[in-house]
Amino acid sequence: LGGKDLFLTEEQKKYYSALKKLRSKKPQKPIPRPSNAFLGLLFDIVSHKAFDIAIVIFICLNMIVMMAENNQKETKEVLNKINYFFVAVFTAECVIKILGLRHYYFGSGWNVFDFSVVILSIVSLGVSEAFRSFFSPTVLRTLRLARIGRVLRIIHKAKGIRTLLFALLMSLPALVNIGLLLFLIMFIYAIVGMANLACLPMEGGIDNIFNFQTFCGSILCLFQITTSAGWDSLLAPVLKESDTAPPHFNVSELYCPQLNVTGTEEKNCINRGFGIFYFVSYVIISFLIVVNMYIAVILENFSVATEESTDPLCEDDFDMFYETWGKFDPLATQFIDYSALSDFADALAGPLRIPKPNKIQLISMDIPIVSGDKIHCLDILLAFTKRVLGEFGDLESLELNMEEKIAAGNLSKSSYRPISSTLRRKQEEVSALVIQRAFRRYLTQRSPENISLYHCKHNSAVFEQEIQDKQRRLELLLNEN
């Protein structure tokens, strides 16, 4: 929208957002049902909603069984048998789907993920049995943890979890940038700490791992400060007054200007004022600013995701529209007959549905009709979207611009020009009926004398024609004789 976004109301923004969602969506050709009776039965099974619900239940039960594992021998044997059962169930699901859906099975990302998890489960069982003497079975059983990932299928049904994940995905680019900024700050402070705090004695939070003598140790100390976990223990050696140098290293090898050339200490090499400024400034920059930036970005994107989930029309509604469209347009031509429009509108779900009787509503939408009494899917979807969100006159130019972009991405729509519309078609039908009624009324309003005279003239003309025909027949007979 650019600068025009400032002058749009919230309702207009929602309407334009819905139009933008249409740009990336097109009708998909549905998976055809196999002609074979057995494969067709499997196709019907995997296409039913109850099949998906049953698989989700098995996934949840499998997670509960995996949580119940312990080191008791009797329990292990029982859980192993139950594990074999779940592997068999998921393998059977995979085989049934491959047979029923054929090569279309691998066209879905969820199916590819399920297939990979099943293969890993089978491999983990086979490897644990064949190489039990070479590897620890416990290590090999960790491959089964990938099966827990199948619970992500539930996200497709749970809007709340999907909103959280959507907010996280929206935040990833900004979080990466903030992470790079935080690493840059840690790098600078680590170098400064190595140059000025390497003389800290081994006490408090300073030890062989957490210290400022090496770059890795400095980074670990700064990471601990970033988490606000015991950073005061790192500051304690700085605040403590000491007249002796730490005995664990040669102070002459460190960068401390307070040391003489011979390596003997003249006074404490730690500057308390600098140490306090170093730690306090890093806490303010890293935790109070940078870390809170993470929280602010996530909350902002979560707010945006929540607003989109509460919109009158969301991605699920558009997906449902195209899923229903596939039943009326199995060849994915992106057109349906005008006569099927009423049934299609009634077959939809959610806010886009227009229950019967709906002919008057569909006529008033003025949906374009192309040659052959066909209607394009985008014309229907745009009309139904306007019905749900309302009309906004101020968005006419933006709406035309968006419709042109949508048409440019759909060659089937740009190749057909409208020749009529639902409203114009009804007006033509009504006009024809009015003309017919007027003509009949004109005939009935004529005077009875004119009507009788008309019938008399008509009868006399017919009688004269019959006489002429008879005379011709007599002449033909006389000529023959």
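In which sequence would Ile119, Ile375 go, from the one with the fewest C-beta neighbours within 10 Å to the one with the most? Numbers along the way, then the final one.
Values: Ile119 13, Ile375 24.
Placing the least packed residue first, the sequence is Ile119, Ile375.
At 7 Å along Cα-to-Cβ for each site, give me the label-to-label distance between Ala92 and Ala37 in nm.
2.3 nm
Leu164 versus Gln72, label points 7 Å from Cα toward the beta carbon: distance in nm?
Simple spin-label model gives 3.2 nm for this pair.
Checking the table Lys327/Lys374; Lys327/Lys426; Lys29/Lys359 against a 18 Å threshold on Cα-Cα, which pairs fail? Before the final figure, lay out the partial values.
Values: Lys327/Lys374 16 Å; Lys327/Lys426 27 Å; Lys29/Lys359 27 Å.
Among Lys327/Lys374; Lys327/Lys426; Lys29/Lys359, the Cα-Cα distance tops 18 Å for Lys327/Lys426; Lys29/Lys359.
Ordered by residue, what ³J(HN,Hα) values in Hz, to whole numbers, does the range 180-186 give under the Karplus form 6.51 cos²θ - 1.76 cosθ + 1.60, where θ = phi - 60° and Gly and Pro are x?
Computed from phi, the couplings for the range 180-186 are 5, 5, 5, 5, 4, 5, 5 Hz.
If neighbour count is taken as other Cβ atoms inside 10 Å, put Ser218, Ser339 in order from fewest to most.
Going from sparsest to densest Cβ surroundings: Ser339, Ser218.
Which whole-Hz couplings ³J(HN,Hα) result when phi for each residue of the range 74-87 is put into the Karplus expression 6.51 cos²θ - 1.76 cosθ + 1.60, θ = phi - 60°, listed in order with x for Gly and Pro?
Those phi angles translate into 4, 5, 4, 4, 5, 5, 5, 5, 5, 5, 4, 5, 5, 4 Hz.
Read-outs: derived from the displayed coordinates by stated rules, not from any lab. It should be emphasised that the depicted structure is a prediction, and the values quoted were computed from it without experimental measurement. Cβ atoms come from the backbone with ideal geometry, glycine included; neighbour counts cover every protein chain shown.
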